[in-house]
Amino acid sequence: MSLASTASAKDQPSLLARLFARQELALLVCLVLVLAFFSATVENFFSVRNMTNVLGQASLALTAGIGCALVFISGEVDISIGSLLATIALPLIIIMNDTNSLALGVGGALLFGLIIGMVNGYLVAYAGINSLIVTLGTMFIMRGGVYLYTGQRAISDDASLDSFIALSDGRLFNIIPYSAVIAIVLLVAFGYMMQHWPFGRQIYAVGGNQEVARLAGYDVRRVKFICFIISALLATVAGIILAARVGSAQHTAGLNFEFQVVAATVLGGVSLAGGIGSLTGMALGVLILQFLSNGLRGLGLPTEWQLVITGMIIIAAVAFDEAKHRRANGG
Amino acid sequence: MSVDFLHPGEGAPIDTDVSALEMRGIGKRFPGVVALDNVDFTLEPGKIHALMGENGAGKSTLIKIMAGVYGKDAGTIRMRGREVDIKSPRDSLKEGIKVVFQEIALISEFTVAENIFLEGYPTGRTGSIDWKKIRADSAALFNRIGFNVDPAARTGSLPVSQQQMVEIARALAHEARVVVMDEPTSSLTPNEVSLLFTVIRRLAALGIAVVYVSHKLDEVFEIADTVTVLRDGRHISTRPIGEHTNDTLIQDMIGRRIDNLFPRQRGAAGSKVALSVENLSTAKKLIDVSFEARAGEVLGFFGLMGAGRTELAKAIVGYDPIASGTVTVDGQRLAPHDTRTGVRLGIGLLTEDRKSEGLMGELPVYQNASLASLGAFARLGFVDKAKEHQAVQDYVDRFRIKTPSLFQQIKNLSGGNQQKVLISRWLMRGLKVIVVDEPTRGIDVGAKSEIFALIDRLAGEGLAVVMMTSEMPELLGLADRIAVMCEGRLTALMPREEATQEKILNAAIG
């Protein structure tokens with residue numbers, strides 16, 4: 001070895017291996033395969049209308065998935081987002097019904113989401129309670145609270161503001177649903193943050209190795225706290241879109257939503273152990289599952305089977321990932 | 001950021017008249033132990049200062065105080081004449097101190113360049129990270145130290161030697177005035193060591209004060225300008241390397257006389273071979289280790305940090321895989337990497353890491369004790385609780401284990417009593433060979449002699465005891481024969497009567 005030897009010059013893996021090492025590329029290939037399969041087998045699957053519809057449906061999970069991925073990357077989990085969807089619809093609809101103002105309604109919902117995020121974040125980061133337990137707890141508390149408050153009856157949107165309804169059926173250039181536009185804008189913004197802002201890299205560092213991050217002088221607790229706030233706020237945005245879609249605050253809104261998001265995030269290669277994964281991967285995970293569900297329905301398969309297949313895919317994907325890592329680490 | 005070292009001559013000149021770092025009267029105590037007592041340590045810019053001492057001498061504590069990992073209980077720290085207050089790793093970095101720990105502190109999923117600027121990424125006007133500058137600066141930093149690592153490489157994929165270079169570059173990026181290298185060569189090849197030395201000399205030439213923590217004499221003689229020796233938490237000597245010989249350094253490191261603290265009760269060892277290890281090698285550490293342990297003897301293994309004692313312990317009980325060689329217990333060959341047959345043949349490990357490998361802290365004393373012998377208490381597939389409790393109670397009485405009841409959670413017991421419960425676990429199983437790894441780690445001085453008495457008794461009852469230790473008094477007080485390891489090899493094996501501290505330490509240093 002000479003003084004000027006370069007680290008990566010030797011032991012270069014083959015091109016194929018390197019391509020597959022890029023998680024996102026493998027996922028993209030999967031997505032294309034899913035699209036190709038159903039285009040061939042399901043009539044009208046590969047139409048602008050169906051594609052944009054699915055994109056609209058996926059926008060909730062895409063939006064909330066950003067927060068879910070951030071929390072995962074920081075080394076924690078947040079499963080309270082499904083209940084949050086139902087909870088924030090209450091201030092949203094009630095304020096809009098009272099004031100006829102979308103801005104005030106959305107403001108109220110975001111404030112509520114902020115508080116929930118701070119509670120989750122405080123309990124995990126500063127009180128040191130396990131994040132699975134904390135968010136499991138707040139998930140139950142919020143769901144129970146919504147049941148109690150509504151008496152299990154929907155509170156309908158009586159204001160019927162045009163701007164609010166547009167969130168559900170409006171389309172940019174009459175093609176792309178506004179909800180998808182919102183999701184894409186947020187994805188790009190947060191994707192940029194994760195790669196190009198110091199804070200984004202701090203999240204990776206904290207999840208990658210908490211002790212190293214602490215030695216490097218990071219405020220590990222603050223980073224985690226903020227991730228929970230972002231997660232709650234993005235789930236709030238998803239909840240607002242959902243409320244617009246159903247035109248009311250429903251006590252069952254967002255039931256099991258957290259697990260769909262977690263499933264897609266994990267499928268997208270974001271590690272539960274923290275430090276690994278990208279928003280692109282998460283988004284591809286969401287799209288694969290959404291198109292799969294849409295296509296299977298097109299084939300006439302009942303929802304029950306979709307659940308079974310989704311479950312198998314997730315385990316297979318993570319097992320594949322594990323095997324790959326074990327090979328990469330040579331052990 | 002990093003202007004100084006990227007563009008030499010533009011930064012403030014380094015004043016060689018003022019000490020880079022001056023630690024005075026440093027004290028640090030942990031519960032039950034004084035780790036540092038009134039230690040002075042002064043570093044000059046551009047000089048390489050070796051910090052030496054046996055395991056437990058206080059080297060690690062001292063550098064952790066510099067790094068802001070521990071706070072000090074007493075004393076003052078001055079950087080270039082100015083008193084500083086180091087309360088956290090951040091403070092330490094800000095004062096220009098960079099400690100490269102043996103356990104490398106890099107994020108393995110990050111690229112090399114990302115790790116170099118981990119403490120603070122340079123940003124552009126928009127607040128976005130300036131990746132171009134990071135890559136260029138990283139390359140320039142590697143240029144300065146004369147070693148190139150690809151800034152875009154994933155850090156975790158690099159060998160330790162290159163990860164060290166990343167840490168050194170990281171030190172330069174933060175304009176460190178003091179760089180501490182903690183046992184840097186413990187996992188390097190000879191080639192890599194000479195590269196590292198070249199880089200360390202360059203650091204010194206840049207005016208940086210380098211601390212070289214090591215127990216390897218030859219390396220210290222090769223690289224250091226000055227040597228400070230610590231022993232039992234005290235400062236023993238600071239001298240230019242030229243005033244030292246091998247013997248004077250070893251003398252400073254050992255110093256003490258060893259009294260016979262542990263009166264031996266047992267008789268002479270038998271002649272029956274209970275454990276036979278032949279040509280044992282593992283992928284990571286051990287190289288061709290062969291020895292025998294006889295029933296009724298204590299065979300002590302000594303070695304400095306990283307010598308491979310724990311690896312040997314884990315390999316011979318079947319806990320870790322082995323690459324080649326054989327382990328025979330009581331005449332029967334042990335299948336490698338299989339603790340089940342190990343336990344069945346009668347070899348068990350008393351781990352050095354009680355908390356994570358020994359105890360089930362939340363469970364009661366009796367369950368911890370009976371863990372390895374549940375089969376013996378089974379009737380029709382159910383555990384006969386009465387029988388189990390009786391057996392455990394016998395051991396509690398025999399070993400005078402202090403616990404309010406069998407149902408006490410074991411985490412509430414003292415370290416010494418926990419250790420006794422773990423020894424019971426193995427004796428209950430009817431062992432022929434027990435491997436004890438640092439049996440008195442984390443145990444109060446008072447309780448230590450009880451553990452020694454227990455080990456003496458085990459051998460007296462006919463077990464072969466293989467004891468891994470880094471503590472000289474333990475070794476000389478208990479062992480019938482003494483084996484010494486260095487870098488994965490067995491470098492000496494002698495009867496206790498022939499052993500001296502000098503002989504042992506010489507073999508341990510290799």
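The values are calculated or read from the model by the stated rules, or taken from the named source; none is laboratory data. Computed from a prediction, not measured in an experiment: that's the story for all the values here. Using ideal geometry, Cβ is built from the backbone for each residue, glycine included, and neighbour counts are taken over all protein chains shown.
Within region B:204-217, does at least one residue satisfy the condition of being surrounded by fewer than 20 Cβ atoms within 10 Å (Cβ to Cβ), more than 23 Å from the chain's Cα centre (by Cα) and within 14 Å of chain A (Cβ to nearest Cβ)?
No, the conditions are met nowhere in region B:204-217.
Take the residues in region B:93-110 that are small (Gly, Ala, Ser) and within 27 Å of residue B:159 (Cβ to Cβ), then tell me which one is surrounded by the fewest Cβ atoms within 10 Å (Cβ to Cβ).
Taking region B:93-110 as the starting set, the residues that turn out to be small (Gly, Ala, Ser) are B:96, B:105, B:108.
Checking the rest, the ones that are also within 27 Å of residue B:159 (Cβ to Cβ) come to B:105, B:108.
Working: B:105: 21, B:108: 17.
Result: B:108.
Which of the numbered conditions does residue B:170 fail, given that it passes all the others? Conditions: (1) crowded, with 24+ Cβ neighbours inside 10 Å; (2) within 10 Å of chain A (Cβ to nearest Cβ); (3) not in a helix (DSSP H, G or I).
(3)
Quick check on region B:207-218. Is at least one of its residues more than 14 Å from residue B:52 (Cβ to Cβ), in the same structural domain as residue B:96 (by TED's automatic domain parsing) and of a type in the set (Gly, Ala, Ser)?
At the first step, the residues of region B:207-218 found to be more than 14 Å from residue B:52 (Cβ to Cβ) are B:207-210.
From what's left, in the same structural domain as residue B:96 (by TED's automatic domain parsing): B:207-210.
Checking the rest, the ones that are also of a type in the set (Gly, Ala, Ser) come to B:207, B:209.
Within region B:207-218, one or more residues are more than 14 Å from residue B:52 (Cβ to Cβ), in the same structural domain as residue B:96 (by TED's automatic domain parsing) and of a type in the set (Gly, Ala, Ser).
Name the helices (runs of 4 or more DSSP H) wholly within region A:119-224 that hold at least 1 residues that are in contact with a Ser or Thr (Cβ under 8 Å, 6 or more places away or on another chain) and of a type outside the set (Phe, Trp, Tyr)? Even if it seems obvious, please write down each step before you answer.
Details: elements: A:131-150, A:162-169, A:178-196, A:198-208, A:210-215.
Here the list reads A:131-150, A:162-169, A:178-196, A:198-208.
Determine, yes or no, whether residue B:293 is surrounded by 20 or more Cβ atoms within 10 Å (Cβ to Cβ) and out of contact with any Phe, Trp or Tyr (no Cβ under 7 Å at 6 or more places or on another chain). Outline the logic, then answer.
Values: surrounded by 20 or more Cβ atoms within 10 Å (Cβ to Cβ): yes; out of contact with any Phe, Trp or Tyr (no Cβ under 7 Å at 6 or more places or on another chain): yes.
Judged against the criteria, residue B:293 is a match.
Tell me which of these residue B:374 doesn't satisfy, since it passes every other one: (1) more than 22 Å from residue B:310 (Cβ to Cβ); (2) in contact (Cβ under 8 Å) with a residue 40 or more places away in the chain.
(2)
When region B:181-197 is examined, which residues are found to be of a type in the set (Ser, Thr, Tyr), within 11 Å of chain A (Cβ to nearest Cβ) and either within 16 Å of residue B:215 (Cα to Cα) or assigned to a helix (DSSP H, G or I) (or both)?
Initially, region B:181-197 is screened for residues of a type in the set (Ser, Thr, Tyr), giving B:185-187, B:189, B:194.
Subset that is within 11 Å of chain A (Cβ to nearest Cβ): B:189, B:194.
B:194 - this is the single residue of region B:181-197 that is of a type in the set (Ser, Thr, Tyr), within 11 Å of chain A (Cβ to nearest Cβ) and either within 16 Å of residue B:215 (Cα to Cα) or assigned to a helix (DSSP H, G or I) (or both).
Among all residue pairs at least 6 apart or on different chains, which show Cβ distances below 8 Å where the first residue, located in region B:156-172, is assigned by TED's automatic domain parsing to the domain that holds residue B:114 and among the basic types (Lys, Arg) and the second is outside any loop (DSSP other than H, G, I, E, B) and surrounded by 21 or more Cβ atoms within 10 Å (Cβ to Cβ)?
B:170/B:98; B:170/B:115; B:170/B:116
State all residues of region B:123-138 that are of a type outside the set (Phe, Trp, Tyr) and at pLDDT 85 or above; if no residue qualifies, say none. So that I can check it myself, show each step before the final result.
So the first thing to find is which residues in region B:123-138 are of a type outside the set (Phe, Trp, Tyr), and the list is B:123-130, B:132-138.
Correct list: B:123, B:128, B:129, B:130, B:132, B:133, B:134, B:135, B:136, B:137, B:138.
Does residue A:222 satisfy the criteria of being within 14 Å of another protein chain (Cβ to nearest Cβ), closer than 23 Å to residue A:84 by Cβ and of a type in the set (Lys, Arg)? Please lay out each step first, then the result.
On the way: within 14 Å of another protein chain (Cβ to nearest Cβ): yes; closer than 23 Å to residue A:84 by Cβ: yes; of a type in the set (Lys, Arg): yes.
So residue A:222 fits the description; yes.
Quick check on this structure: which one of A:83, A:101 is at pLDDT 90 or above and in contact with a helix residue (DSSP H, G or I) (Cβ under 9 Å, 6 or more places away or on another chain)?
Details: A:101 fails: at pLDDT 90 or above.
Among A:83, A:101, only A:83 is at pLDDT 90 or above and in contact with a helix residue (DSSP H, G or I) (Cβ under 9 Å, 6 or more places away or on another chain).
Only one of A:289, A:296, A:272 is surrounded by fewer than 21 Cβ atoms within 10 Å (Cβ to Cβ), closer than 22 Å to residue A:45 by Cβ and away from chain B (no Cβ under 14 Å); which?
On the way: A:289 fails: surrounded by fewer than 21 Cβ atoms within 10 Å (Cβ to Cβ); A:272 fails: closer than 22 Å to residue A:45 by Cβ.
It is A:296.
So which residues in region B:192-217 are in contact (Cβ under 8 Å) with a residue 60 or more places away in the chain and of a type outside the set (A, V, I, L, M), if there are any at all? Reasoning before the result, please.
At the first step, the residues of region B:192-217 found to be in contact (Cβ under 8 Å) with a residue 60 or more places away in the chain are B:200-201, B:204-217.
Of everything in region B:192-217, those that are in contact (Cβ under 8 Å) with a residue 60 or more places away in the chain and of a type outside the set (A, V, I, L, M) turn out to be B:201, B:207, B:212, B:214, B:215, B:216.
Show the residue pairs meeting these rules: Cβ distance below 6 Å; 6+ apart or different chains; first residue within region B:54-73 and within 14 Å of chain A (Cβ to nearest Cβ); second residue polar (S, T, N, Q).
Filtered contacts from region B:54-73: B:67/B:92; B:68/B:88; B:68/B:92.
All but one of (1) within 14 Å of another protein chain (Cβ to nearest Cβ); (2) on the phi > 0 side of the Ramachandran plot hold for residue A:247; which doesn't?
Just one mismatch for residue A:247, condition (1).
Is it true that residue B:249 is under 24 Å from the mean Cα position of the chain (by Cα), part of a helix (DSSP H, G or I) and not assigned by TED's automatic domain parsing to the domain that holds residue B:481? Write out each step before concluding.
Numbers: under 24 Å from the mean Cα position of the chain (by Cα): yes; part of a helix (DSSP H, G or I): yes; not assigned by TED's automatic domain parsing to the domain that holds residue B:481: yes.
Yes; evaluated as a whole, the condition is true for this residue.
Might you let me know whether region B:78-86 holds any residue that is surrounded by fewer than 21 Cβ atoms within 10 Å (Cβ to Cβ), within 13 Å of chain A (Cβ to nearest Cβ) and free of Cβ contacts under 8 Å to residues at least 60 places away in the same chain?
No, every residue in region B:78-86 fails to be surrounded by fewer than 21 Cβ atoms within 10 Å (Cβ to Cβ), within 13 Å of chain A (Cβ to nearest Cβ) and free of Cβ contacts under 8 Å to residues at least 60 places away in the same chain.
Counting only residues that are touching a Ser or Thr at 6+ places or on another chain (Cβ under 6 Å) and hydrophobic (A, V, I, L, M, F, W, C), which one in region A:93-118 is surrounded by the most Cβ atoms within 10 Å (Cβ to Cβ)?
Keep residues of region A:93-118 that are touching a Ser or Thr at 6+ places or on another chain (Cβ under 6 Å), which gives A:102, A:109-110, A:113.
Imposing the further condition that a residue be hydrophobic (A, V, I, L, M, F, W, C) reduces the set to A:102, A:109-110.
Working: A:102: 20, A:109: 26, A:110: 18.
Taking the candidates together, the pick is A:109.
Please go through region A:203-212 and give me each residue that is within 19 Å of residue A:278 (Cα to Cα) and either buried (at least 22 other Cβ atoms within 10 Å of the Cβ) or at the interface with another protein chain (Cβ under 7 Å from one of its Cβ atoms) (or both), ordered by number. Reasoning before the result, please.
So the first thing to find is which residues in region A:203-212 are within 19 Å of residue A:278 (Cα to Cα), and the list is A:203-210.
Within region A:203-212, A:203, A:204, A:205, A:206, A:207, A:208, A:209 qualify.
Is region B:213-225 home to any residue that is touching a Lys or Arg at 6+ places or on another chain (Cβ under 6 Å) and on the phi < 0 side of the Ramachandran plot? It would help to see each step written out before you state the result.
Step one: of region B:213-225, the residues touching a Lys or Arg at 6+ places or on another chain (Cβ under 6 Å) are B:213, B:225.
If we keep only those that are on the phi < 0 side of the Ramachandran plot too, we end up with B:213, B:225.
The answer is yes; a qualifying residue exists.
Which one is nearest to the other protein chains (Cβ to nearest Cβ), of the residues in region B:129-162 that are part of a helix (DSSP H, G or I) and of a type in the set (S, T, N, Q)?
Applying the filter and picking the extreme gives B:162.
For residue A:307, indicate whether it is in contact (Cβ under 8 Å) with a residue 12 or more places away in the chain, farther than 15 Å from residue A:39 by Cα and not in a loop (DSSP other than H, G, I, E, B). Step through it out loud before you land on a result.
Working: in contact (Cβ under 8 Å) with a residue 12 or more places away in the chain: no; farther than 15 Å from residue A:39 by Cα: yes; not in a loop (DSSP other than H, G, I, E, B): yes.
No, not satisfied.
Name the residue that is surrounded by the most Cβ atoms within 10 Å (Cβ to Cβ), counting only residues in region B:111-128 that are more than 7 Å from every other protein chain (Cβ to nearest Cβ) and in contact (Cβ under 8 Å) with a residue 24 or more places away in the chain. Reasoning before the result, please.
To start, the set of residues in region B:111-128 that are more than 7 Å from every other protein chain (Cβ to nearest Cβ) comprises B:111-113, B:115-117, B:120, B:122, B:124-126.
Remaining after also requiring in contact (Cβ under 8 Å) with a residue 24 or more places away in the chain: B:111-113, B:115-117, B:120, B:122.
Working: B:111: 19, B:112: 27, B:113: 27, B:115: 27, B:116: 30, B:117: 27, B:120: 13, B:122: 16.
If we take residues in region B:111-128 being more than 7 Å from every other protein chain (Cβ to nearest Cβ) and in contact (Cβ under 8 Å) with a residue 24 or more places away in the chain, then B:116 is surrounded by the most Cβ atoms within 10 Å (Cβ to Cβ).
How do the pairs read when you match residues in region B:353-365 that are in the same structural domain as residue B:413 (by TED's automatic domain parsing) with residues anywhere that are in a loop (DSSP other than H, G, I, E, B) and modelled with pLDDT of 80 or more, using Cβ under 6 Å and keeping only pairs 6 or more apart or on different chains?
B:357/B:351; B:358/B:351; B:364/B:407; B:365/B:403; B:365/B:406; B:365/B:408
Taking strands (runs of 3 or more DSSP E) that do not extend beyond region B:395-510, which have at least 2 residues that are crowded, with 22+ Cβ neighbours inside 10 Å, in contact with a Gly (Cβ under 6 Å, 6 or more places away or on another chain) and hydrophobic (A, V, I, L, M, F, W, C)? Give the derivation first.
Values: elements: B:433-437, B:464-469, B:481-486, B:489-495.
By residue number, B:481-486.
Would you pick out the residues in region A:179-200 that are touching a strand residue (DSSP E or B) at 6+ places or on another chain (Cβ under 7 Å) and either closer than 22 Å to residue B:89 by Cβ or of a type in the set (D, E, K, R) (or both)?
Narrowing region A:179-200 to residues touching a strand residue (DSSP E or B) at 6+ places or on another chain (Cβ under 7 Å): A:181, A:196-198.
Passing the criteria: only A:198.
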